[in-house]
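The values are calculated or read from the model by the stated rules, or taken from the named source; none is laboratory data. The structure presented is a predicted model; accordingly, all values stated were derived computationally and were not measured. Note that we place each Cβ from the backbone using ideal geometry, even for glycine, and neighbour counts take in every protein chain shown.
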Amino acid sequence: MIAALASAATIAALVAVSIGPVPIAPASVVGIIGDGLFSTGHGDWSDSAQQIVWATRLPRVAMALVAGAVLAVSGAVLQALVRNSLADPYLLGLNSGASTGVALVVLVIGGGSALLFSGAALAGAIGAVLLVLMLAGVANRRGPLRLVLAGLAVGYALNAATSFLVFSSDSPEAARSVLFWLLGSLAAVQPAALAAAAVTAAVGIGILIAIAPMIDALASGDDSARSAGIDPERTRIAVMVGVSAMVGVTVAAVGGVGFIGLVVPHLARRLAGGRHRVVLPISALLGAILLVAADTVARTAFAPQEIPVGVITGIIGAPFLLLLLRTPSSSAHTP
Amino acid sequence: MIEAEAVTVRIGRRVLLDDVSFTAQTGAVTGIVGPNGSGKTTLLRALVRAAPVSSGRIVLDGNDLRIRPRRWIARHIAEVGQRSEPDPSLRIVDEVSLGGLAEHGVLRSGLAAFDDRVADALDAVELSHRAFDRLSTLSGGELQRVALARALAHGASHVLLDEPTNHLDIRHRLEIVSLLRRIAPTVVIVLHDLDLAAEVCDHVVVLHRGRVAGAGRPSDVFRPQLLDDVYDVTTHTHPGPDGRARLSFTLPSPHLTPRTKESA
């Protein structure tokens with residue numbers, strides 16, 4: 001199934017690169033990428049097509065693949081860690097922390113490089129998760145439900161802080177760009193942000209798949225984890241901080257893209273059962289496919305006007321989630 | 001063998017266990033009984049360092065658990081919790097395989113999900129035919145059997161069970177009881193049913209308000225006077241068909257008075 005999904009993700013990416021104001025045949029896309037990577041030779045495509053693929057569409061589609069995978073895997077891991085099927089990076093305040101970090105840099109410092117945004121988002125997300133863990137009193141061995149409640153509280157507070165920053169900004173232009181970014185967009189992907197997100201995603205998802213049995217044990221409860229030789233509190237803190245770093249760097253690049261982290265893990269569990277060594281790679285691939293598709297719709301449906309991709313994922317995600325939760329074999333945890 | 005030596009557990013100002021000492025011998029089933037809130041579950045949790053022991057120590061086969069890493073403890077002690085709420089999207093075989101996590105380690109675990117030990121454990125609790133069913137499809141009793149299978153697959157030398165027969169029907173209860181002696185050399189079990197405790201345990205510890213109220217062979221410990229004090233009931237004994245005394249209980253007479261008045 002993983003091989004089939006990986007093929008589907010590759011095909012989706014190729015099709016997405018070929019679609020746009022200037023259509024480029026998928027075969028030409030393969031040729032252009034092959035030529036760029038391995039110098040396989042120039043085919044019958046124009047130089048402008050080559051320029052469009054390498055400079056505009058490929059970075060954007062690559063970013064969608066990376067961000068989709070990161071958000072879906074983060075959602076799957078967070079749902080297991082807090083034993084709540086509604087958990088995702090939003091619910092636990094990670095997105096809000098990253099957003100506040102970026103808004104601070106844009107509106108107070110007045111802008112900066114892509115890496116500065118990544119750093120600010122990373123710091124914001126980790127700051128948010130540490131605050132959530134502190135408020136929930138994990139050290140006092142309180143239950144995971146408190147983490148969800150603390151996440152909601154921190155998320156609301158940080159959203160309010162971000163709104164305040166936007167509202168009190170002197171520069172309407174900067175405020176507008178932050179507002180658009182908050183809705184989630186892959187329109188202005190910078191190579192440095194893509195590189196940072198891709199490296200973080202590869203390392204982060206790799207580590208999470210390697211420690212997947214630990215996540216299985218934690219998903220079965222703290223007693224279960226302890227019986228397997230895992231310290232539930234420490235492991236939960238370590239994994240949550242790691243996930244928030246991964247989410248922070250991704251949010252810096254693409255803004256607030258909702259629902260992928262919430263919906264995709266449910267679909268992955270439906271397809272693959274509960275073992276995270278299988279659920280995580282399947283979530284990553286499904287998330288990547290979904291975000292590539294959503295972004296393609298976002299940039300082409302009302303062309304030349306572009307819709308924030310977060311709007312599309314919301315439109316697809318909300319009814320899809322309701323459908324999943326209505327069916328009796330839902331994998332929902334009861335908190 | 002597990003020895004608890006003068007163990008005290010304090011959370012805030014509340015003393016949950018007060019100077020509790022007992023020994024669970026190798027080759028024996030040791031029962032922990034007592035009324036609600038007497039500290040039974042806290043004692044089991046203290047034995048695996050899941051409850052904060054403020055003084056005293058736990059010694060496992062001569063090893064002081066305070067200085068042993070968590071994974072070492074997990075390799076030697078398997079737990080079956082009171083309220084097992086595993087991830088419902090896991091299949092039975094996945095949950096039972098988690099029993100091997102402490103021994104195999106995270107990186108190697110999960111690669112051979114269905115090894116012999118897991119298969120034997122599923123056989124023992126009669127769930128082999130449903131190995132690939134999701135936990136969300138199981139009843140409370142079946143989940144209890146899955147939890148026990150996980151402890152069996154663990155292969156630990158010591159097993160702690162907290163009310164393992166809670167959700168089980170009569171037949172499966174008898175089966176679990178018959179498994180107890182096969183599950184591990186040293187078994188510590190929390191039970192509410194005193195007749196069951198008398199039947200399956202070689203040694204019992206009676207807890208009352210966090211302290212040991214009595215310990216020894218069930219026939220020596222389960223005396224009406226001690227049980228009356230601990231449970232605030234009136235205990236009656238009857239000879240059973242096998243010659244062993246059976247227990248029954250009534251509320252002590254002051255409790256009955258208001259009800260008698262009401263019914264009159």
message: Just checking, does the range A:272-294 include any residue being more than 14 Å from every other protein chain (Cβ to nearest Cβ) and under 23 Å from A:VAL102 (Cα atoms)?
response: yes
- request: Could you look through the range B:85-101, keep only residues that are over 12 Å from B:ASP133 (Cβ atoms) and within 7 Å of chain A (Cβ to nearest Cβ), and pick out the one that is modelled with the lowest pLDDT?
  value: B:GLU85
- request: Please state which one of A:ALA192, A:ALA157, A:ALA121, A:ALA174 is of a type in the set (A, V, I, L, M) and over 30 Å from A:ARG299 (Cβ atoms).
  value: A:ALA157
field: Number of positions in the range A:187-211 that are closer than 21 Å to A:LEU78 by Cβ and not in a helix (DSSP H, G or I)
entry: 1
statement: Residue hits (the range B:46-61; in contact (Cβ under 8 Å) with a residue 60 or more places away in the chain and loosely packed, with under 14 Cβ neighbours inside 10 Å) are B:ASP61
Pick from the range A:54-82, criterion of a type in the set (Val, Ile, Thr) and within 17 Å of A:GLY256 (Cβ to Cβ), ranking: surrounded by the most Cβ atoms within 10 Å (Cβ to Cβ): A:VAL70
statement: A:ARG83 meets each of (1) of a type outside the set (Phe, Trp, Tyr); (2) touching a His at 6+ places or on another chain (Cβ under 6 Å); (3) within 29 Å of A:ALA192 (Cβ to Cβ) with one exception, condition (3)
task: Report yes if some residue within the range A:198-214 is within 14 Å of chain B (Cβ to nearest Cβ) and in contact with a Ser or Thr (Cβ under 8 Å, 6 or more places away or on another chain); otherwise report no.
output: yes
query: Just for the range B:211-226: of the residues that are surrounded by 13 or more Cβ atoms within 10 Å (Cβ to Cβ) and either in a helix (DSSP H, G or I) or hydroxyl-bearing (Ser, Thr, Tyr) (or both), which one is nearest to the chain's Cα centre (by Cα)?
result: B:PRO218
statement: Of the residues in the range A:1-59, those that are in contact with a Gly (Cβ under 7 Å, 6 or more places away or on another chain) and acidic (Asp, Glu) come to A:ASP35
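For the range B:198-210, give me each residue that is among the aliphatic types (A, V, I, L, M), crowded, with 22+ Cβ neighbours inside 10 Å and outside any strand (DSSP E or B).
Matches in the range B:198-210: B:ALA198 only.
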task: Check B:LEU122 against each of (1) over 20 Å from A:GLY273 (Cβ atoms); (2) more than 13 Å from chain A (Cβ to nearest Cβ) and name the one condition it does not meet.
output: (1)
Hits in the range B:73-97 - residues which are of a type outside the set (Val, Ile, Thr) and closer than 17 Å to B:VAL159 by Cβ: B:ALA74, B:ARG75, B:HIS76, B:ALA78, B:GLU79, B:GLY81, B:GLN82, B:SER84, B:GLU95
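Of the residues in the range B:49-84, how many are touching a strand residue (DSSP E or B) at 6+ places or on another chain (Cβ under 7 Å), within 11 Å of chain A (Cβ to nearest Cβ) and modelled with pLDDT under 90?
Going through the range B:49-84 one residue at a time, the tally reaches 7.
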message: Would you confirm whether or not the range A:311-323 contains a residue that is more than 17 Å from the chain's Cα centre (by Cα), within 23 Å of B:ASP133 (Cα to Cα) and at pLDDT below 90?
response: yes
message: Which of the numbered conditions does A:SER227 fail, given that it passes all the others? Conditions: (1) buried (at least 24 other Cβ atoms within 10 Å of the Cβ); (2) over 12 Å from A:LEU81 (Cβ atoms); (3) out of contact with any Asp or Glu (no Cβ under 9 Å at 6 or more places or on another chain); (4) not β-branched (Val, Ile, Thr).
response: (3)
field: Of all residues in the range B:102-113 being farther than 23 Å from B:SER136 by Cβ, out of contact with any His (no Cβ under 9 Å at 6 or more places or on another chain) and within 8 Å of another protein chain (Cβ to nearest Cβ), the one that is modelled with the highest pLDDT
entry: B:VAL106
- request: Hey, could you check the range A:44-86 for residues that are closer than 21 Å to A:LEU182 by Cβ and aliphatic (A, V, I, L, M) and say which is nearest to the other protein chains (Cβ to nearest Cβ)?
  value: A:LEU78
- prompt: Restricting attention to the range A:312-319, does a residue exist that is in a helix (DSSP H, G or I), free of Cβ contacts under 8 Å to residues at least 60 places away in the same chain, among the aliphatic types (A, V, I, L, M) and within 25 Å of A:VAL106 (Cβ to Cβ)?
  reply: yes
- prompt: Listed residues A:LEU165, A:LEU158, A:LEU152, A:LEU179; which is within 15 Å of A:ALA98 (Cα to Cα), assigned to a helix (DSSP H, G or I) and touching a Leu at 6+ places or on another chain (Cβ under 6 Å)?
  reply: A:LEU165
query: Quick check, is B:LEU17 in contact with a helix residue (DSSP H, G or I) (Cβ under 8 Å, 6 or more places away or on another chain) and either crowded, with 18+ Cβ neighbours inside 10 Å or in contact (Cβ under 8 Å) with a residue 12 or more places away in the chain (or both)?
result: yes
task: Quick one: which helices (runs of 4 or more DSSP H) lie wholly within the range A:26-122 and hold at least 3 residues that are closer than 30 Å to A:HIS266 by Cα and either at pLDDT below 85 or within 14 Å of the chain's Cα centre (by Cα) (or both)?
output: A:58-81, A:94-104
field: Filter result for the condition that a residue is within 14 Å of chain B (Cβ to nearest Cβ) and in a loop (DSSP other than H, G, I, E, B), over A:GLY229, A:GLY184, A:GLY258
entry: A:GLY229
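In the range B:156-166, is there at least one residue being in a helix (DSSP H, G or I) and either crowded, with 18+ Cβ neighbours inside 10 Å or touching a residue at least 24 places away in the same chain (Cβ under 8 Å) (or both)? Give the steps one after another, and end with the answer.
Start the filter on the range B:156-166 by keeping residues that are in a helix (DSSP H, G or I), which leaves none.
Taking every residue of the range B:156-166 in turn, none turns out to be in a helix (DSSP H, G or I) and either crowded, with 18+ Cβ neighbours inside 10 Å or touching a residue at least 24 places away in the same chain (Cβ under 8 Å) (or both).
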- request: For the range B:172-190, indicate whether the set of residues that are in contact (Cβ under 8 Å) with a residue 60 or more places away in the chain and more than 29 Å from B:ALA74 (Cβ to Cβ) is non-empty.
  value: no
statement: When restricted to B:ARG130, B:ARG117, the only residue within 28 Å of B:GLY62 (Cα to Cα) and over 18 Å from the mean Cα position of the chain (by Cα) is B:ARG117
